[in-house]
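Below: the structure, in structure tokens.
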Amino acid sequence: MIQIFSTLEHSVKLELAISALEQEGISKESIFAVPLTNRKVERKLFDTMHNSDGVSLVSTGSALGTAFSVIGASVGFSLNLGPIYWGLIGVASGFLLGFLIDLFILKVIKKRQRLLRGKNPQVILVVECTEKQADAVEDILWHFLALGVARVECK
């Protein structure tokens, strides 16, 4: 016996794939579908030392802080407080501006894109079949847009 594992999006294609498998001679008892649940909690805004999602809110702030500090220090030679204070004011304002830009992009624009794309739940489909049927089962699953397919030999 062979077990074939695959992941599919929960859609009409899943139902069509199951129907095609049944027409191929796979019994209903040999097909097992497990729906996965989507994440309901929003991602954390700030990373911890042990957990990071790869999104940085500091990079644009650092770049703008550097640029604004150079400009502030250059202009500060002719201003009242002097170049050091104006450089520090430039760093703070540039970092704050960059941080707010990244925060706006993450919270507003990326969230809107995620909502437009939607979150399609996925389903793990496990099919038990004979070695003769295994290639046909894989072809059916790929035809109906499986996200991934794996074959495991059972004894």
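For a quick check: sort K110, K132, K155, K13 by the number of other beta carbons within 10 angstrom, fewest at the front.
K155, K132, K110, K13
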Exposure-ranked with fewest Cβ neighbours within 10 Å first, V91, V75 stand as V75, V91
Scoring only Lys, Arg, Asp and Glu (+1, +1, -1, -1) among other residues with Cβ under 14 Å from the Cβ of L8 yields -2
Karplus-derived 3J(HN,Hα) from phi for segment 97-104 (6.51 cos²θ - 1.76 cosθ + 1.60, θ = phi - 60°), whole Hz, x at Gly and Pro, runs 5, x, 4, 5, 5, 4, 5, 5
Kirkwood radius from Cα pairs of segment 59-117 plugged into Stokes-Einstein at 4 °C, 1.567 mPa s, gives D in µm²/s equal to 106 µm²/s
Expected sort for W142, W86 with the fewest Cβ neighbours (10 Å cutoff) up front is W142, W86
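Every number in this text was worked out from the coordinates using simple rules, so none of it is lab data. Fair warning: this is a prediction, and the values are worked out from it, not measured in the lab. So basically every Cβ, Gly included, is an ideal-geometry build from the backbone, and we count neighbours across all protein chains shown.
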